[in-house]
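> Below is a structure I'd like to ask you about.
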């Protein structure tokens, strides 16, 4: 008899971010499991509308958005949760619902996804107690996050399963590695320009992504590469866009550092192909899906060595790991990557290694094992 699985999320389809991408891919895995009659899944999203659903990932009958109505969402989640065999939480902020469900239905299995900074900080005592005693399983997206929660919250390692994030099954994997002519025209570039690229959500509350350090060394890089361009993509809040625009203007870098704004999912691969180096020396990545997306496009990549980025870049096999606070190390890493040979063979090697390690099929099998075979 198919197991009843309830997946509870904050957002899945209405915005694009690392956790939202994790949620989308898991909904696809749940859908694929349902097609084999292994489970009967439902996914509830607190802030999405039902119309936000992307039909590629999950059926209309399997997904419900509550458009920000916390009370209706909570009541529906608890009612459905006590009827389910397993409840999967996308975020620790939903843990109270698991507490109620577990009190009403002790047999319901509870699984919590943990990503990064949301669990690296101090937790309220009831949350830490629930994780240690009542949460049946914790899925950590990286070894780094697993070790952090073991250390910070005294959670036994046997309660944690590391399930690395994977490539979206609908990400366009390129077969050639030429720079897209349409993007060269759009951004008024020359085919010979060296291009650095960062893709991240730009928010005033998350000033740890490292693009500030990259901007700081652009003047030095321009002495070596006078036409170099640094493209920073991602939706920005008003405060952060204003701060970055001022920083760029004060340094006289308006012709070299460009804020692209939001980049649609269907254009991601082209933007990685446009780049000579993807660089994001972050200090607080739980994993960093963007790194494996870049590698899947054969892109040279630079990341920080103090967080889950290490998992994403396979301890440096997929790219360059440097101290994210050392601007000299960032400078040297960029120069080394710009100067190293880039050929179709080298791009294919990076791509093949990435796809082999982070493909959707392997991820699907891990999810099946944890919720069906266990």
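> Among the residues of region 213-227, is there at least one that is in contact with a strand residue (DSSP E or B) (Cβ under 7 Å, 6 or more places away or on another chain), assigned by TED's automatic domain parsing to the domain that holds residue 351, within 23 Å of residue 290 (Cβ to Cβ) and outside any helix (DSSP H, G or I)?
Kept after step one, since they are in contact with a strand residue (DSSP E or B) (Cβ under 7 Å, 6 or more places away or on another chain), are these residues of region 213-227: 214-215, 218.
Then keep just the ones that are assigned by TED's automatic domain parsing to the domain that holds residue 351; that gives 214-215, 218.
If we keep only those that are within 23 Å of residue 290 (Cβ to Cβ) as well, we get 214-215, 218.
Still in the list and also outside any helix (DSSP H, G or I): none.
No, there is no match, as no residue in region 213-227 is in contact with a strand residue (DSSP E or B) (Cβ under 7 Å, 6 or more places away or on another chain), assigned by TED's automatic domain parsing to the domain that holds residue 351, within 23 Å of residue 290 (Cβ to Cβ) and outside any helix (DSSP H, G or I).
Let's see how each residue does on (1) assigned to a loop (DSSP other than H, G, I, E, B); (2) modelled with pLDDT under 95; (3) more than 24 Å from the chain's Cα centre (by Cα); (4) not assigned by TED's automatic domain parsing to the domain that holds residue 266:
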| residue | (1), (2), (3), (4) |
| --- | --- |
| 68 | yes, no, no, yes |
| 71 | no, no, yes, yes |
| 77 | no, no, yes, yes |
| 94 | no, no, no, yes |
| 107 | yes, no, yes, yes |
| 111 | no, no, no, yes |
| 126 | no, no, yes, yes |
| 132 | no, yes, yes, yes |
| 139 | no, no, no, yes |
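> If you don't mind, another one. Of all residues in region 294-329, how many are part of a helix (DSSP H, G or I) and closer than 23 Å to residue 192 by Cβ?
So the count comes out to 1.
> Residue 188 is checked against (1) touching a residue at least 12 places away in the same chain (Cβ under 8 Å); (2) assigned to a loop (DSSP other than H, G, I, E, B) and fails just one. What number does that condition carry?
(1)
> Among the listed residues 263, 258, 277, which satisfies the condition of being surrounded by fewer than 22 Cβ atoms within 10 Å (Cβ to Cβ) and under 20 Å from the mean Cα position of the chain (by Cα)?
After applying the criteria, what remains is 263.
> For residue 233, are the conditions met, namely being farther than 17 Å from residue 188 by Cα, in contact (Cβ under 8 Å) with a residue 12 or more places away in the chain and either outside the structural domain of residue 354 (by TED's automatic domain parsing) or surrounded by 19 or more Cβ atoms within 10 Å (Cβ to Cβ) (or both)?
no
> Moving on to the next point. Given the conditions (1) within 21 Å of residue 147 (Cα to Cα); (2) surrounded by 23 or more Cβ atoms within 10 Å (Cβ to Cβ), and given that residue 271 satisfies all but one, which numbered condition is not satisfied?
The number of the failed condition is (1).
> Exactly one of these conditions fails for residue 54: (1) in contact with a strand residue (DSSP E or B) (Cβ under 6 Å, 6 or more places away or on another chain); (2) within 23 Å of residue 287 (Cβ to Cβ). Give me its number.
In the conditions (1) in contact with a strand residue (DSSP E or B) (Cβ under 6 Å, 6 or more places away or on another chain); (2) within 23 Å of residue 287 (Cβ to Cβ), residue 54 misses (1) alone.
The values are calculated or read from the model by the stated rules, or taken from the named source; none is laboratory data. Note that this is a predicted model, so its numbers are computed, not measured. Glycine also receives a Cβ, built like all others from the backbone with ideal geometry; neighbour counts cover every protein chain displayed.
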